[in-house]
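Please treat every number below as a calculation from the coordinates, not as lab data. No experiment lies behind these values; they were computed from the predicted model shown. Neighbour counts run over all protein chains shown; Cβ positions are idealised from the backbone, glycine included.
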Amino acid sequence: MPHSASSSSPASPPAEGRRPVIAWALWDWGSAAFNAVVTTFVFSTYLSSQLFVDPAIVAAANGDDKDPALVRALAENASLVGLALMFAGIVVALVAPVLGQRSDGTGRRKLWLGVNTGLVVLAMAAMVFVEGTPGYLVLGATLLAVGNVFFEFASVNYYAMLTQVSTRENIGRVSGFGWGMGYVGGIVLLILLLVLFIQSFGNPDAGGLLAVSKDGGLNIRLAVLASALWYGVFAIPVLVRVPEIPAQRREVRVGFFRSYVVLWNTLRSLWRDSRQVLLFLVASAVFRDGLTGVFTFGAIIAAQVFGFTSTEVLYFAVAANVVAGVCTFLAGRLDDRFGPKRVISTSLVCLIVLGATMLFIGTSQTGFWIVGLGLCAFVGPVQSASRSFLARVAPQGREGEIFGLYATTGRAVSFLAPGLFALFVGLTGDTRLGILGIVLILAVGLVLLLPVKTRPAAIV
């Protein structure tokens, strides 16, 4: 696939050798502490547990998980967490593109990557104070939202640095390597937390080999604190080994509010001169939300339709990360050989077919393992190739701004997967049929992607 020089030239010369690439990818490895532990499998699940329900309601339920009062209380808590994340999404949508633009203009990508990563680590560390009682739910939801905001801000600068550690010949492999490192980091960390803090070994009141008390969720809180340390340590290499944008390339210098005028002009110029970039941002926002739905609601389907226990769900999560990580590493090479659009479109077709297959496998756990892991095999390649595609077509010196828009567009439609999932489940009364909503989102994203051409951007 031919590219002009401007389509893939980095904002600063790519760092030589493998060490900067590994240093850059270690941030992805460490970020699993937030993605896998806080947002997906551990802390968010902790906030949704009965620990944060009025003890009188729990006592009245007497172990009946379907007690109406208990179900209603859990739903209210989940709603509060969802509301907090919604506000976080609004903040990201409004601010991320401007912060990315300013990191390009001031040449301080590493500085802002470090600042925002540090704030995420602090938010995670503060979660140790979220005791498992109803009075701490608001604090937990707030810290979850704050962590999400600064994680998205950090990601804008981290994604933009992809062009500083890669060339047009290997950008797909480097992106895939980083994303794959994220999955592997998640696997290692989840296993460590499971063994050290979470899994009961003979004593139901203590978690892990460290035999940490479960009172007030102490074992979960210490697991998150350990994850914060993990993230902080593995964020250091990228700040040390990857060079900053040279001073002579720092072109845009405007005030914060003036940045929104620049943003509006960017959108207008994208529509006028580089419409393919804008079309890809829209298409990727849709199918990326579908990818999120695969992981988010896959656990619910496993538990409610296929009878997985919470421990079995966690084991599946580890296996899912293994499959996704391996396939993402492999897809990086296919990206460089055949182009990111082919990797994305092929993977989306496979996801749609496998998602539809989920409707016809009955309640067989073996069937779920096969189809579920098949779905996971194509999630990582789409995510990695999307990052690679955008890095290839982003205008030289404006990568942070474009990846800020990438974060914004992704947040702008983040209601689609949960909304359609809930709609199909509500209309049919069958949790399994919620997969139709996710498949529909992936299909719409694929249709929006098909007319997008791989052409370099030329923002003026």
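Between the stretch 210-246 and the stretch 46-67, what's the alpha-carbon centroid distance in Å?
30 Å
Would you grab the residues whose amide H sits under 5 Å from the one on Gly207? Only those 5+ places off in sequence or on another chain, please, with H modelled 1.01 Å from N.
Val212, Ser213, Lys214
Which distance in nm do the two modelled labels at Glu312 and Glu169 give, with both placed 7 Å along the Cα-to-Cβ direction?
5.0 nm
Which ³J(HN,Hα) values, rounded to whole Hz and listed in residue order, are derived for the stretch 76-92 from phi using the Karplus coefficients 6.51, -1.76 and 1.60 in 6.51 cos²θ - 1.76 cosθ + 1.60 with θ = phi - 60°, glycine and proline given as x?
5, 5, 4, 5, 5, 4, x, 5, 4, 5, 5, 5, 4, x, 5, 4, 4
Check cross-link reach from Lys66 to the lysines: straight Cα distance under 28 Å, and skip same-chain residues fewer than eight apart.
Those lysines meeting the cut-off are Lys214.
For the stretch 347-355, in order, what is each residue's ³J(HN,Hα) by Karplus, 6.51 cos²θ - 1.76 cosθ + 1.60 with θ = phi - 60°, in whole Hz (x at glycine and Pro)?
So the J values, rounded to whole Hz, are 5, 5, 4, 5, 5, 5, 5, 5, x.
Using a 7 Å offset from the Cα along the Cα-to-Cβ direction at both Thr431 and Leu192, what is the distance between the two label points in nm, to one decimal?
Result: 3.2 nm between the two label points.
Roughly what would the spin-label model give for Val326 and Arg272, points 7 Å off Cα along C-beta, in nm?
Going from the Val326 label point to the Arg272 one covers 5.1 nm.
Viscosity 1.567 mPa s, temperature 4 °C: Stokes-Einstein D of the stretch 195-248 from its Kirkwood Cα radius, in µm² per second? Show your work: numbers first, answer last.
On the way: Rh = 13.3 Å.
Result for D is 98 µm²/s.
Can you compute 3J(HN,Hα) from phi for each residue in the stretch 39-49, using the Karplus curve 6.51 cos²θ - 1.76 cosθ + 1.60 with θ = phi - 60°, rounded to whole Hz and x for Gly and Pro?
Karplus values, whole Hz, x for Gly and Pro: 7, 10, 9, 10, 5, 5, 5, 4, 5, 8, 8.
What FRET efficiency comes out for Ala78 versus Leu239 if R0 is 35 angstrom and r is the Cβ-Cβ distance? Round to the nearest 0.05.
Result of the calculation: an efficiency of 0.45.
Provide the gained length on full extension for the span Leu111 to Phe360, in nm with one decimal, where the gain is 0.36 nm per separating residue minus the Cα-Cα distance. Spell out each step's value before the answer.
Numbers: separation 249, 0.36 × 249 = 89.64 nm, distance 5.07 nm.
Contour length minus Cα-Cα distance gives 84.6 nm.
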